[in-house]
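J.: Could you have a look at this structure, given as structure tokens, before my questions?
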Amino acid sequence: MATTPDIFSSPSRYIQGKGAIHELGTHLKKLGDNPLLVSDDTVWGIVEKQLTDGFKEADLPLTRVGFERFATAKAVDELTEKIKENDHDIIVGVGGGSAIDAAKAAGYLADIKWASVPTAASSDAPTSTLAVIYTEDGAFDEYRFYPKNPDLVLIDTQIVAGAPVEFLIAGIGDALATWVEARAAARGNGTTMNGGHPTRAGGALAKLCWDILWEHSFAAIDSVKADVVTPALDAVVEANTLLSGLGFESGGLAAAHAIHDGLTAADQTHGLTHGQKVNVGTCAQLIMEGADAEEIEDFIAFTTKVGLPNSLTEVGLSPDDTEELE
């Protein structure tokens, strides 16, 4: 009988740098001739000028469709129809995790290529093979898994530097869970989201992600507050986006993200970022697995200074909210 293999997966190409958004058209030209860009109005106001110039230089048509707040099943189906109606051959999610997840999901259903262009380093969603689908009310609905990662991930560090600092902090919360979950998956001989056992490479990248965040998070946060790209910000953007993405997918998830998924069912948490809820889950996981008291205390002290919550009270829940908690 065949055993479960170790599996490592990654995007076909990852591009990160100051001003990289201007080159998006050039990179997409290698993948298709008729891209469809998905973004909300706020994001579009930030990127439209650079994309218009870049697509013109690459001799590519620029077609954009607006996007609402959540990647719902309905939103994905509407995007899929739009792809088919206009013969688009690649779909590009530009902005936050939901726009990117909706683009992945629609790209898969329409059987075309898909690309991720995050405008903040707020989660590891851009690199992965999965999309998180929400209900119309913003509660977690389901994970959808795909047989491949994005064909392209491109992130402009200058745009990240200009985004609200809360987004970077959220990404740090999401990424800090990567190593805590990967080591738990390895200890428990668990399987990862891609259906295999954790790889050593996935675990090593998860640990590198952790180390970078402990060393550079505060300087990176200062960089965003000053709207400048620095080596520290560059390192944390890579940790939040690439290393966390590869680390969770090929290293494994555990309680931290499961607790996050549960928290989305409580209306009180809908105003919070993904990373804020994940951080509560990471703290809970450390306690559940019996981590050393010193490690738990260090984690709480560090993440509190970063600006992340570590208790249910901080995410809007009280001991009286028994129905939501159950």
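The values are calculated or read from the model by the stated rules, or taken from the named source; none is laboratory data. All of these numbers come straight from a predicted model, not from anything done at the bench. We place every Cβ from the backbone using ideal geometry, glycine too, and count neighbours over all the protein chains shown. In case anyone asks, the SASA skips ligands and DNA or RNA and just uses the protein heavy atoms, side chains included. Shrake-Rupley method; radii C 1.70, N 1.55, O 1.52, S 1.80 Å.
J.: Go through (1) of a type outside the set (Asp, Glu); (2) part of a loop (DSSP other than H, G, I, E, B); (3) at pLDDT 95 or above; (4) under 25 Å from PRO147 (Cβ atoms) one by one and return the number of the condition LEU205 breaks.
T.: (2)
Here is a yes/no grid of residues against (1) of a type outside the set (Gly, Ala, Ser); (2) crowded, with 17+ Cβ neighbours inside 10 Å; (3) more than 18 Å from LEU130 (Cα to Cα):
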| position | (1), (2), (3) |
| --- | --- |
| ARG183 | yes, yes, yes |
| GLY188 | no, no, yes |
| HIS197 | yes, yes, no |
| VAL228 | yes, no, yes |
| HIS257 | yes, yes, no |
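J.: Select, from LEU36, LEU62, the only residue that is in contact with a Ser or Thr (Cβ under 8 Å, 6 or more places away or on another chain), open to solvent by 50 Å² or more (accessible area, probe 1.4 Å) and either modelled with pLDDT of 95 or more or not acidic (Asp, Glu) (or both).
T.: After applying the criteria, what remains is LEU62.
J.: Inside the range 120-144, can you point out the residues that are surrounded by fewer than 24 Cβ atoms within 10 Å (Cβ to Cβ) and either charged (D, E, K, R) or over 19 Å from THR178 (Cα atoms) (or both)?
T.: Within the range 120-144, ILE133, TYR134, THR135, GLU136, ASP137, GLY138, ALA139, PHE140, ASP141, GLU142, ARG144 meet the criteria.
J.: Next question. Hey, can you tell me all the residues within the range 206-226 that are of a type in the set (A, V, I, L, M), open to solvent by 40 Å² or more (accessible area, probe 1.4 Å) and farther than 18 Å from LEU242 by Cβ?
T.: Within the range 206-226, ALA219, ALA226 qualify.
J.: If you scan the range 189-223, which residues turn out to be without any contact (Cβ under 8 Å) to a residue 24 or more places away in the chain and among the small types (Gly, Ala, Ser)?
T.: Selection gives ALA204, ALA219.
J.: Does LEU176 count as within 14 Å of LEU246 (Cα to Cα), over 16 Å from the mean Cα position of the chain (by Cα) and either at pLDDT below 95 or surrounded by 15 or more Cβ atoms within 10 Å (Cβ to Cβ) (or both)?
T.: Against the criterion (within 14 Å of LEU246 (Cα to Cα), over 16 Å from the mean Cα position of the chain (by Cα) and either at pLDDT below 95 or surrounded by 15 or more Cβ atoms within 10 Å (Cβ to Cβ) (or both)), LEU176 does not qualify.
J.: Sticking with this structure for a sec: Among the numbered conditions (1) without any contact (Cβ under 8 Å) to a residue 40 or more places away in the chain; (2) surrounded by 14 or more Cβ atoms within 10 Å (Cβ to Cβ); (3) part of a helix (DSSP H, G or I); (4) not acidic (Asp, Glu), tell me where GLY281 comes up short.
T.: Exception for GLY281: condition (1).
J.: Now a separate question. Hey, can you tell me all the residues within the range 131-144 that are at pLDDT below 90 and either within 29 Å of LYS29 (Cβ to Cβ) or among the small types (Gly, Ala, Ser) (or both)?
T.: GLY138, ALA139
J.: From the list ALA105, ALA99, which residue is modelled with pLDDT under 95, within 22 Å of PHE248 (Cα to Cα), within 19 Å of the chain's Cα centre (by Cα) and open to solvent by less than 20 Å² (accessible area, probe 1.4 Å)?
T.: Answer to the check: ALA99.
J.: Is it the case that GLY290 is small (Gly, Ala, Ser), open to solvent by 50 Å² or more (accessible area, probe 1.4 Å) and on the phi > 0 side of the Ramachandran plot?
T.: Against the criterion (small (Gly, Ala, Ser), open to solvent by 50 Å² or more (accessible area, probe 1.4 Å) and on the phi > 0 side of the Ramachandran plot), GLY290 qualifies.
J.: If you don't mind, there's one more thing I want to ask. Quick one: in the range 208-239, which of the residues that are acidic (Asp, Glu) and part of a helix (DSSP H, G or I) is farthest from PHE145 (Cα to Cα)?
T.: ASP222
J.: Among the numbered conditions (1) open to solvent by 10 Å² or more (accessible area, probe 1.4 Å); (2) under 21 Å from ASN86 (Cα atoms); (3) touching a Ser or Thr at 6+ places or on another chain (Cβ under 7 Å), tell me where LYS18 comes up short.
T.: LYS18 satisfies all of (1) open to solvent by 10 Å² or more (accessible area, probe 1.4 Å); (2) under 21 Å from ASN86 (Cα atoms); (3) touching a Ser or Thr at 6+ places or on another chain (Cβ under 7 Å) except (2).
J.: Then there is this: Residue under question is GLU166, and the condition is that it be open to solvent by less than 10 Å² (accessible area, probe 1.4 Å) and closer than 23 Å to PHE302 by Cβ; does it hold?
T.: Here the answer is no, as GLU166 does not meet what is asked.
J.: Sticking with this one: Quick check on GLY203: is it buried (at least 19 other Cβ atoms within 10 Å of the Cβ) and in contact with a Lys or Arg (Cβ under 8 Å, 6 or more places away or on another chain)?
T.: yes
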